[in-house]
Structure formats: C-alpha cells, structure tokens
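> What follows is a single structure, and I will ask about it in a moment.
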Amino acid sequence: MKYGRACEDRHASFTPLCISIDGLMGKEMESFVRRLAESLATKWDRQISTTLYWVRAKLSFSLIRAVNMCVRGSRHKWRGIGIEDGNGINPSF
C-alpha cells in the first residue's frame with residue numbers, strides 16, 4: 001500500500017476514493033459511501049436507502065462542480081491579497 005507507512009505513523013487508515021469516467025465507484029469508495037450513509041441515516045433517523053441516494057447525489061454534484069472548475073476555470077479573476085514584495089500585510093486588508 002502506497003500510504004501504509006504514513007497511516008501507521010498517524011494511527012489512521014487511507015481509503016482511495018476512485019471513480020471511473022462512467023461514474024462507477026471502486027470497491028473501497030462504495031464501502032465508504034455505504035458506511036457514511038449508514039452513519040448519517042442513524043444520526044438523522046432516516047432510511048438507509050434515502051440517505052445513500054442523498055450522499056451519492058451530493059458527491060456527484062460536487063465532482064461535476066470540481067471537474068467543471070478545472071476545465072473552465074473560475075468566473076472571477078483571482079487577484080491575491082495585494083502584497084507585492086511579500087514582506088508585509090497590506091494595511092487596507
């Protein structure tokens with residue numbers, strides 16, 4: 001596993017969230033989404049199927065928004081915070 005050592009150092013786990021261009025989720029991602037939906041369904045007192053649909057829909061729209069931002073870019077030009085030499089903070093900030 002690529003991130004095994006870093007996870008062991010932090011006493012954590014790493015789950016790759018892989019999704020194909022067709023929208024098919026990898027095994028680890030599918031189990032993560034299902035586990036997240038089960039936790040939210042218990043917390044919100046909803047059916048697991050409804051919560052699973054909601055999690056998948058939110059994830060799909062978030063991925064579409066991220067891909068669109070990468071392809072098209074932002075609508076507004078990013079100007080930074082106005083520091084030219086990097087030595088101080090602009091007083092009007």
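> Out of the stretch 61-75, which residues are surrounded by fewer than 10 Cβ atoms within 10 Å (Cβ to Cβ) and either assigned to a loop (DSSP other than H, G, I, E, B) or among the aliphatic types (A, V, I, L, M) (or both)?
Listed by number, the residues that qualify are Val71, Ser74, Arg75.
> Same structure again: Here are the criteria: (1) closer than 22 Å to Asn68 by Cα; (2) free of Cβ contacts under 8 Å to residues at least 24 places away in the same chain; (3) surrounded by fewer than 11 Cβ atoms within 10 Å (Cβ to Cβ). Tell me which single one His11 does not satisfy.
(1)
> Got a number for residues in the stretch 1-32 being part of a loop (DSSP other than H, G, I, E, B) and not basic (Lys, Arg)? Before you say what the answer is, go through the steps one by one.
First, pick out the residues of the stretch 1-32 that are part of a loop (DSSP other than H, G, I, E, B): 1-3, 11-18, 20-24, 26.
Remaining after also requiring not basic (Lys, Arg): 1, 3, 11-18, 20-24, 26.
Summing the residues that are part of a loop (DSSP other than H, G, I, E, B) and not basic (Lys, Arg) in the stretch 1-32 gives 16.
> Still on this structure, please answer the following. List every residue pair whose Cβ atoms sit under 7 Å apart, with the two residues 6 or more apart in sequence or on different chains, where the first one lies in the stretch 23-34 and is among the basic types (Lys, Arg) and the second, anywhere, is buried (at least 16 other Cβ atoms within 10 Å of the Cβ) and modelled with pLDDT of 90 or more.
Partner pairs satisfying both residue conditions: Arg34/Leu52.
So that you can scan it fast, the table gives a plain yes or no per residue for (1) modelled with pLDDT of 90 or more; (2) loosely packed, with under 10 Cβ neighbours inside 10 Å; (3) polar (S, T, N, Q); (4) under 26 Å from Phe14 (Cα atoms):
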residue: Ala37; (1), (2), (3), (4): yes, no, no, yes
residue: Thr50; (1), (2), (3), (4): yes, no, yes, no
residue: Leu59; (1), (2), (3), (4): yes, no, no, yes
residue: Trp78; (1), (2), (3), (4): no, yes, no, no
residue: Glu84; (1), (2), (3), (4): no, yes, no, no
residue: Ile89; (1), (2), (3), (4): no, yes, no, no
residue: Ser92; (1), (2), (3), (4): no, yes, yes, no
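The values are calculated or read from the model by the stated rules, or taken from the named source; none is laboratory data. As the structure is a prediction and not an experimental result, all values here were calculated from the model. Here Cβ is always computed from backbone atoms with ideal geometry, including for glycine, and neighbour counts include all displayed protein chains.
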